[in-house]
Amino acid sequence: MNLLKDKFTRGFFSGVAGGLAANIMSSFFGFINFTTLRFADWTGIILFGHTPPFSTGEILFALTANIGFTGFLGIVFTYIIPLIKNTNLLFKGWVFSTFIWFFIYSVTTLFKVEGTMPLPLNTAIANVATTSIYGLVLAATLGKEVVKNATENARNNFRMVPAMKPIKNNDDDNE
């Protein structure tokens, strides 16, 4: 039984792969002090209702929640792709992730979520960079399965059949 044949599961794991890559990069940007808010910090602010610093347990919980959320977004992306075709999948993954980033920024600004504004330029750049990584990894991991499954489906659904009836031998050809 191959779990990745299931579209829902395939989308979730592709989203988790993208989320892991994005959170690693986000943590790196935090480690080198290039950003003031890592992805786990954004999630922690929403979950716990207070600004950083967070305890180790809070960060681990927020990181787990963030990766679960990116898995959910992977499911959404997987179900959107058939509606818009799977050509240029990397570009579509990047557009999808950038839209989500902008939407989240807009919501936190609209509701004036403490700790998320004002943001320095470095943090915005770091966040859009990690968001881009998420979208590209999501699309790349999903793309391998999309192409593989499309090939399998084509092989299973299309069979070679003659286009016309065989031509009977004409008695004149035997002379």
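The values are calculated or read from the model by the stated rules, or taken from the named source; none is laboratory data. On a predicted model such as this, the values are computed, not experimentally measured, just so you know. Heads up, the Cβs are rebuilt from the backbone with ideal geometry, glycines too, and the neighbour counts pull from every protein chain shown. Surface areas here come from the heavy atoms of the whole protein model, side chains and all, with no ligands, DNA or RNA. Shrake-Rupley method; radii C 1.70, N 1.55, O 1.52, S 1.80 Å.
Nonpolar atom fraction for region 51-112, defined as the carbon and sulfur part of the 1.4 Å probe accessible area, stands at 79 percent.
Listed peptides 132-141, 114-123, 41-50 appear in the order 132-141, 41-50, 114-123 once ranked by packing, highest mean of other Cβ atoms within 10 Å at the front.
In the frame of its principal axes, region 1-70 has Cα extents of 44, 25, 16 Å, reported largest first.
When restricted to Cα atoms, region 43-150 yields an Rg and a Dmax of 15.6, 47 Å, respectively. With N as its number of residues, region 38-88 has a Cα radius of gyration that, divided by 2.2 N^0.38 Å, comes to 1.51.
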